[in-house]
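The values are calculated or read from the model by the stated rules, or taken from the named source; none is laboratory data. Quantities reported herein were computed from a predicted structural model and do not represent experimental measurements. Cβ atoms come from the backbone with ideal geometry, glycine included; neighbour counts cover every protein chain shown. Quick note on the areas: whole protein, heavy atoms, side chains included, nothing else; ligands and nucleic acids left out. Shrake-Rupley method; radii C 1.70, N 1.55, O 1.52, S 1.80 Å.
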Amino acid sequence: MSDSPSHVTGTTRVKRGMAEMLKGGVIMDVVTPEQAKIAEDAGAVAVMALERVPADIRAEGGVARMSDPDMITGIVEAVTIPVMAKARIGHFAEAQVLQSLGVDFVDESEVLTPADEAHHIDKWAFDVPFVCGATNLGEALRRIGEGAAMIRSKGEAGTGNIVEAVRHLRSILGDIRRLTVADDAEIFDWAKRLAAPLPLVQEVASTGRLPVPMFCAGGIATPADASLVMQLGAEAVFVGSGIFKSDDPARRAVAIVDATTNFGDPGVVAKASRGLGEAMPGLEIGTLSTTFADRGW
Amino acid sequence: MNPTPRVGVLALQGAFGAHQRSLAALGVPSLEVRTPGDLGNVDALVIPGGESTTLWHLLGVNGLVEPLGERLAAGMPTLGTCAGLILLASDVRDGRSDQGWFSAIDISVRRNAFGRQIDSFECDLAVPALGPEDFHAVFIRAPLVEHVGPNVEVLAAVDGGPVAVREGPVLATAFHPELTGDTRVHRLFMDVLATRTGQVG
């Protein structure tokens, strides 16, 4: 046996592989090292470090930016699980800062105020993997074309309302199913209508799944919400405001993790749903002045 | 004796689907293991990569720590990759203070020994037990084996540190054979399984 000198970092395979390791798990938004520890204790597979959870960004308004590096470093040092952090759409300088801080995943996120109204970050230029939101298959494939190693359905963050997450998941997964029965001539038309790179459309048509893992975000507030989106075909869940805006975050965090693992067992989901206190306050989508999901192009 | 051993993949969290695809490529059907009942239905187990702290938590929540510990002590053929290697070790360094492990193979491991995700890498690795061709190995926030017991066979190393080890019915890698098309590690595991079930029968 001999040592191997030729280590290559930042490859597509290690980026997508990292996303693969998070499957079946719950990624929790946290704003302090203390919350990060609560999330880790509860079985979170990763934490998303940010300054304000989406419900507060929504309530307080103003421009939402990348978090303070001190705060991100504090969270990185507090836990042993992977740490993600958000950059504004198109703000590649924020993403460069996050990469230099050693975060394990960058979320180019519509929850923050976009920095560029036409371009997303060229994610191939980075060694750190990126996750991006999508509301439909075309958007998902455009982000993958730009180098995203994970897609999350956007939902509507900070609302505690699952309806948009379900709409986006059904749209993406439904179109994937329809694409698998399209003939070769129809696939060209699909690429045109989706405004997505033809090779990626052809790949999805032949494999029946996205080339990267697909997780779900935006509106998950209860164990049953997690079970719902996992049964619809999400491969893991992001919970933003749903945990730390609820009555008993530690207990709700454990419950949502349990329901995500055992999403197909209603008995476990029922047990996990007992005695959690109040969920986060919910918002009707029609009453929102800003819909985050519309950000991104 | 069951003529075709049933292979389970621990499906609590992580890359279990990728392992199932690797096994399927060898024509081996696999069962997802989430409960003690599921575990009772399999003769061998793959413990995939994922987050070892999360996996340990979920093993506890799902009542699997004790039954899995008993099966491992009884010599169930087991393949652990990355987080799976950590859970099978006899000592874990740089983990959480409340993190447990199964001591199914006599190795000490250090978590995230190669650094954070930005340091994750792939390389060609000589693994003589798999044949003359290098194995393309993918390391993701990978652990490193820092010490091996006298009965542990080191199958491959990076910079002198063991990254693939075997002791009796337990095979473990710090890298992710399920993320490449190369099924030789899974084939080796099936050979281990065949030998063990042969002995039992």
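What to note about this one:
- Residue in segment A:39-64 that is farthest from the other protein chains (Cβ to nearest Cβ), counting only those that are surrounded by fewer than 24 Cβ atoms within 10 Å (Cβ to Cβ) and either within 15 Å of A:Val26 (Cβ to Cβ) or small (Gly, Ala, Ser) (or both): A:Gly61
- Residues in segment A:65-93 that are part of a helix (DSSP H, G or I) and either more than 10 Å from chain B (Cβ to nearest Cβ) or touching a Pro at 6+ places or on another chain (Cβ under 7 Å) (or both): A:Pro69, A:Asp70, A:Met71, A:Ile72, A:Thr73, A:Gly74, A:Ile75, A:Glu77, A:Ala78, A:Phe92, A:Ala93.
- All positions within segment B:157-184 that are surrounded by fewer than 20 Cβ atoms within 10 Å (Cβ to Cβ) and free of Cβ contacts under 8 Å to residues at least 40 places away in the same chain: B:Asp159, B:Gly160
- For segment B:37-64, a residue qualifies if it is of a type outside the set (Asp, Glu) and farther than 21 Å from B:Thr173 by Cα, and the qualifying residues are B:Gly37, B:Leu39, B:Gly40, B:Asn41, B:Val42, B:His57, B:Leu58, B:Gly60, B:Val61, B:Asn62, B:Gly63, B:Leu64.
- In summary, A:Gly133 fulfils each of the numbered conditions (1) outside any helix (DSSP H, G or I); (2) surrounded by fewer than 24 Cβ atoms within 10 Å (Cβ to Cβ) with the single exception of condition (2).
- Within segment A:137-175, the set of residues being over 15 Å from A:Ser241 (Cα atoms) and not in a helix (DSSP H, G or I) comprises A:Glu146, A:Gly147, A:Ala148, A:Ala149, A:Met150, A:Ile151, A:Arg152, A:Ser153.
- Test: residue in segment B:63-78 that is more than 11 Å from every other protein chain (Cβ to nearest Cβ), in a loop (DSSP other than H, G, I, E, B) and in contact with a strand residue (DSSP E or B) (Cβ under 7 Å, 6 or more places away or on another chain): yes
Here's the yes/no breakdown for (1) closer than 24 Å to B:Gly149 by Cα; (2) open to solvent by 30 Å² or more (accessible area, probe 1.4 Å):
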{"residue": "B:Arg21", "(1), (2)": "no, yes"}
{"residue": "B:Gly50", "(1), (2)": "no, no"}
{"residue": "B:His57", "(1), (2)": "no, yes"}
{"residue": "B:Gly60", "(1), (2)": "no, yes"}
{"residue": "B:Leu125", "(1), (2)": "yes, no"}
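- Screening A:Glu20, A:Glu34, A:Glu94 for residues that are crowded, with 24+ Cβ neighbours inside 10 Å and farther than 19 Å from A:Ala157 by Cα leaves exactly one candidate, A:Glu20.
- Filter result (of a type in the set (Val, Ile, Thr) and open to solvent by less than 10 Å² (accessible area, probe 1.4 Å)) within segment B:62-82: B:Thr78, B:Thr81
- Residues that are in contact (Cβ under 8 Å) with a residue 12 or more places away in the chain and of a type in the set (Val, Ile, Thr) number at least 2 in the following helices (runs of 4 or more DSSP H) confined to segment A:203-297: A:249-261.
- Evaluated against (1) open to solvent by less than 10 Å² (accessible area, probe 1.4 Å); (2) modelled with pLDDT of 95 or more; (3) under 17 Å from the mean Cα position of the chain (by Cα); (4) more than 21 Å from A:Gly10 (Cβ to Cβ), B:Arg187 falls short on exactly one condition, (1).
- Residues of segment B:104-156 satisfying the condition of being part of a strand (DSSP E or B), acidic (Asp, Glu) and either touching an Asp or Glu at 6+ places or on another chain (Cβ under 6 Å) or more than 8 Å from chain A (Cβ to nearest Cβ) (or both): B:Asp124, B:Glu146, B:Glu153
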